[in-house]
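Data block below; observations after.
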Amino acid sequence: MLDHLIKGATVVDGTGTPSYTADVGLRDGRIAVIAPSGTVTEEARSSEDATGLVLAPGFVDPHTHYDAQLFWDPYATPSLNHGVTTVAGGNCGFTLAPLNPERPADADYTRRMMAKVEGMSLVALEEGAPWSWSSFGEYLDALEGRIAVNAGFMVGHCALRRHVMGEDAIGGQPTPEQMERMLALFHEAMVAGAWGFSTTQSATHSDGDGRPVASRHAAPAELLALSRAVAEHEGTQIEAIVAGCLDQFSDAEIELLVEMSAAAGRPLNWNVLTIDAAVPERVPRQLVAGERAREAGGRIVALTMPILTPMNMSLGTFCALNLIPGWGDILGLPVPERIEQLRDPAVRAEMLRRADSKEAGVFRRLTHFGRYVIGDTYSAANEGLTGRVVRDIAAERGQEPFACLVEICANDQLRTVLWPMPTDNDPDSWALRAETWQHEDVMLGGSDAGAHLDRMCGAPYTTRFLGDCLRGRKLMGLEQAVKMLTDDPAQLFGLRERGRIEEGWHADLVLFDPERIDAGKATLVHDLPGDSPRLDSKAIGINAVWVNGVETIREDVVTGTVPGTVLRSGRDTRTVSTK
């Protein structure tokens, strides 16, 4: 007997081939039968008419930070609502394990680091996760059997360094004995099921004390030793971030990434490729890494988002504006001093000069202050400004846009929420995106779901992209769009029997209305532990989501089931060799 029968669905199977109409039956977590409509004779415990609806494989998000959130939110919302059934975590060198049991304070260090570098709520981290593990395997075991999505995790370089080197992980180099211990710890994590190795060399990544995170102090020899260790395990890979990911790679960065991938004989992915027609030289430069990797026996894949993800800013709390060269010194001051400095015309002039320099890289996109929209305000002086564009307010007041923005924020003691309008929402940029998405070294993803919770909401990229393909710009056909969200990432990670609708494969499925599929506007909700805020987005047109054959979402509401699997390397992933 079938567990469930989906009748008359338009099946888009993830391979990119034309859709077809079929009945799809589920049994014991697998796709048991795919047959022409009306021909399935086997009885089913339940069934539904899916006429006019699209049945696709569950979406695979290749870059998330759900490492902590899954403990208090096993449904990985809002990703699961938007059809994501498999998430990759442990990215950017940041993981919650391993923790050295001889130094209990390391857990607090890790929480503060994650709060700073990934914008997670410190209260939620403290109250929402058990912190009962020391080894990476114990961390995975703590999630097993209690999650509604499938989740795989890289092991983070920062945790490895901290475990072995303690305080010396910041600024120090490992002794030969420490390097040997780090490799042993890494192998232990891989045997337990870690997907691979993740690291960061990005200048934007600092810990809770404002110091460069541990992996930023690693020399190339250390990175290559860990990369070679990846090669010893089945179904593994590398994820790496360097400073040039934000704008353009240096020659040294390309060489390092190529050597890491070639040493492992595994794919290396990085995040995130920003596509902007105003900077036409960026994409070709970034894709040089992939070309050189192939020549050296490796593979480098750039993740890029198929939508423009709004990210709010604030002069009052840490955000991307702090990462503009020279801005962190001003925005890190106590609020009264910060306001005083920001009101100084000379200080503002210097800030704008630094923001417009080449060294600001991709952050130059954030400095068109006349294009900012005022969000939530908190003072009588700013009443009526919510939703208005700064350039219009500045024109009314006879002010320069940045000076106007500063005064608005100062009235709120810098609590004002600011929404920059994207500078790359033009036809040329979208045409460049459509062209770039076709490149063999480019893959859709980079949502950062689970991180930067009150600043951005990238999780709905799946539904918003499909809605745009079906009813918006139509840059991609439905079959190809679904493949890019399912089979492409599944193939990169070597997921076993996931990413397609095929008989015998795991029944990770999403059923949606092609006339409606979309994502709602991001809104601030207070549903984290400690009543902490995050941005959420409703899924539109998603009828149901199944994970391992069990219904987890029905009409944007979680069902309460937790059928997800902690995906472990080797068992659940096969090797994708680059040799």
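The values are calculated or read from the model by the stated rules, or taken from the named source; none is laboratory data. Small disclaimer: the values here were computed from a predicted structure and weren't measured. Cβ coordinates were reconstructed from backbone atoms using ideal geometry, including for glycine residues, and neighbour counts include every protein chain displayed. We work out accessible area using only protein heavy atoms, side chains counted, and drop any ligands, DNA or RNA first. Shrake-Rupley method; radii C 1.70, N 1.55, O 1.52, S 1.80 Å.
The label point for SER46 and the one for GLN173, both projected 7 Å from the Cα toward the Cβ, are 6.1 nm apart. Net charge near ALA221: determine it from the other residues with C-beta under 12 Å of the C-beta of ALA221, scoring Lys and Arg +1 and Asp and Glu -1. Residues near ALA221 contribute -1 overall. In order along the stretch 533-542, phi translates into HN-Hα couplings of x, 7, 8, 10, 9, 6, 7, 10, x, 8 Hz, rounded to whole numbers, per the Karplus curve 6.51 cos²θ - 1.76 cosθ + 1.60 with θ = phi - 60° and x for Gly and Pro. For the stretch 79-210, the fraction of 1.4 Å probe accessible surface lying on carbon and sulfur atoms is 50 percent. List the residues of the stretch 306-334 whose backbone N lies under 15 Å from a point placed 7 Å from the Cα of GLU350 along the Cα-to-Cβ direction. Within reach of a label on GLU350: 325-333. Of all DSSP beta bridges confined to the chain, the antiparallel ones make up roughly 55%. Can you work out the base-10 log of I(q)/I(0) for the chain at q = 0.07, 0.12 1/Å, using the Debye formula on its C-alpha atoms alone? With one equal scatterer per Cα and no solvent, log10 I(q)/I(0) is -0.41, -1.22.
Averaged over its residues, the chain has an accessible area of 36 Å² per residue, based on protein heavy atoms and a 1.4 Å probe. Just to verify a number: FRET efficiency for TYR378 and ALA35, C-beta to C-beta distance, R0 = 56 Å, to 0.05? Efficiency, from the Cβ-Cβ distance: 0.40. Over the stretch 273-418, the alpha carbon radius of gyration divided by the compact-protein estimate 2.2 N^0.38 Å works out to 1.26. Computed on the stretch 187-327, with alpha-carbon pairs under 8 angstrom and 6+ residues apart, the relative contact order is 21 percent. Here the extension length gained between THR423 and GLU188 equals 80.0 nm, from 0.36 nm per residue of separation less the Cα-Cα distance. Here the 3J(HN,Hα) profile of the stretch 515-523, calculated from phi with Karplus coefficients 6.51, -1.76 and 1.60 at θ = phi - 60°, is 7, 10, 3, 5, 10, x, 5, 5, 10 Hz, Gly and Pro shown as x. The alpha-carbon of LYS579 sits under 19 angstrom from the alpha-carbons of these aspartates and glutamates, leaving out residues fewer than 8 places away in its chain: GLU232, GLU234, GLU239, GLU255, GLU259, GLU291, GLU295, GLU440, ASP441. Contact order for the chain, expressed relative to its length and based on alpha carbon pairs under 8 Å spaced 6+ residues apart, stands at 22 percent. A straight chain from ASP209 to ARG397 at 0.36 nm per residue would run longer than the Cα-Cα distance by 63.7 nm. When peptides 118-128, 78-88 are ranked by their average number of other Cβ atoms within 10 Å per residue, the highest-first order is 78-88, 118-128.
Within straight-line reach of LYS521, meaning a Cα separation under 17 Å, sit the following lysines at least 8 residues removed in sequence or on another chain: LYS538. In terms of overall dimensions, the C-alpha atoms belonging to the stretch 1-141 reach 62, 29, 23 Å along their principal axes, ordered largest to smallest. Computed from the C-beta positions of THR21 and GLU295, the FRET efficiency with R₀ = 45 Å rounds to 0.50. Going by the alpha-carbon gyration tensor, a ≥ b ≥ c the square roots of its eigenvalues, is the stretch 172-216 rounded (a/c under 1.5) or, if a/c is not under 1.5, prolate (a/b greater than b/c) versus oblate? Since a/c reaches 1.5 but b/c is at least a/b, the shape of the stretch 172-216 is classed as oblate. Here the stretch 415-573 exposes an accessible surface that is 48 percent carbon and sulfur, computed with a 1.4 Å probe and the other protein chains kept in place. Working note: Cα atoms of the stretch 477-572, range along each principal axis, descending, whole Å: 40, 34, 23.
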